[in-house]
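What follows is a short report on a single structure.
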Amino acid sequence: MSGPPGQPMGPPPPTPEALAVANFLKNSELKQRTSILGGKRVDMFKVKRAIRALESPAYAKAQAKKNSNLPPITNRQEAEMAFLLLPRHMMALRVQKIEPQAENHGDHSHAKPKRIKGQWNVQIVPQQAANDDMYYVWFYEGPQWKRTLIGIGVLILLLGIVMFPLWPAVLRLGVWYLSMGMLGLLGLFFAMAIFRLILFVVTMVVLPPGLWLYPNLFEDVGFFDSFRPVWAWEKTKEEKRKKKKRKHSVSHAGKVNTPGFMPTPSGSDVQMNVPDHQAHVHTQHGMQPRVEEVFDE
């Protein structure tokens, strides 16, 4: 069916198979990163991670379920064909990184935008393919029922807070006890921090190098690990140096040099003309994108 005269035709409606593949990949671990497309933030992922997810046992298990719309995949070519359902229906499109350009306004021009660490400035590539080293960005947002439920929950919470004076007396009394308990825990936290600091300063003078009483409140460990051991002496500079040297040697011993791998073209390319209304996005004023190389596994 053609659209109104003078307007570009939109993408075909997604098939059940394309929707099933998109939803499966949306819920998979693709290690997505934020990129900038025409001034807007989009989620970008690498093709090899999507192919790996489509060839995984999790996909085979999901595909084997009754009434599953996921297409069967037994080899690399079928995985690529399933993945290429996304660009065919404009659910995800291939992109490549570009350098941000300086803006030119008539008689004067702005400086080249600074790069933001961890973000790519990208543009859509007309030729869609499924090679491992290619990148795609999502245009499909997935089911919206989660957002709807979150919005309803936030609205109910706000209404409950606003109507707090109308709550029954028992509930208001329970909230008061709960708030007092939270304040007590917060006060206990600060008291423990002050006490262990005073103890450390005293023992550092009397019995150097100083004694730390646990829990270790400021260490990046789990809750139970912060209580192991119950107490410990402060590590000297020599001990810290030996520990750092040991970690350095272990990290070097764990490195494995693997030969370089250059993916070969798969031939499963889809030549597409991306509509301008899909590729063009107004640039937001003041955004400074940055392009940085990503060393992916």
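The values are calculated or read from the model by the stated rules, or taken from the named source; none is laboratory data. For clarity, every value in this text was computed on a predicted model and none was experimentally measured. No Cβ is skipped: glycine too gets one built from the backbone with ideal geometry, and neighbour counts run over all protein chains shown.
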Subject >> Top-ranked residue in the stretch 56-110 [being modelled with pLDDT of 90 or more and hydroxyl-bearing (Ser, Thr, Tyr); ranked as farthest from Trp120 (Cα to Cα)] >> reply: Thr74
Original post:
When you go through Val175, Val201 one by one, which is the residue that is of a type in the set (A, V, I, L, M, F, W, C), at pLDDT below 90 and over 30 Å from Met90 (Cα atoms)?
Top reply: Val201
Subject >> Among (1) in contact with a helix residue (DSSP H, G or I) (Cβ under 6 Å, 6 or more places away or on another chain); (2) at negative phi, the one test that Pro143 misses >> reply: (1)
**OP:** Sort through Val205, Val201 and tell me the only one that's under 21 Å from Ala232 (Cα atoms) and surrounded by fewer than 10 Cβ atoms within 10 Å (Cβ to Cβ).
**Re:** Val205
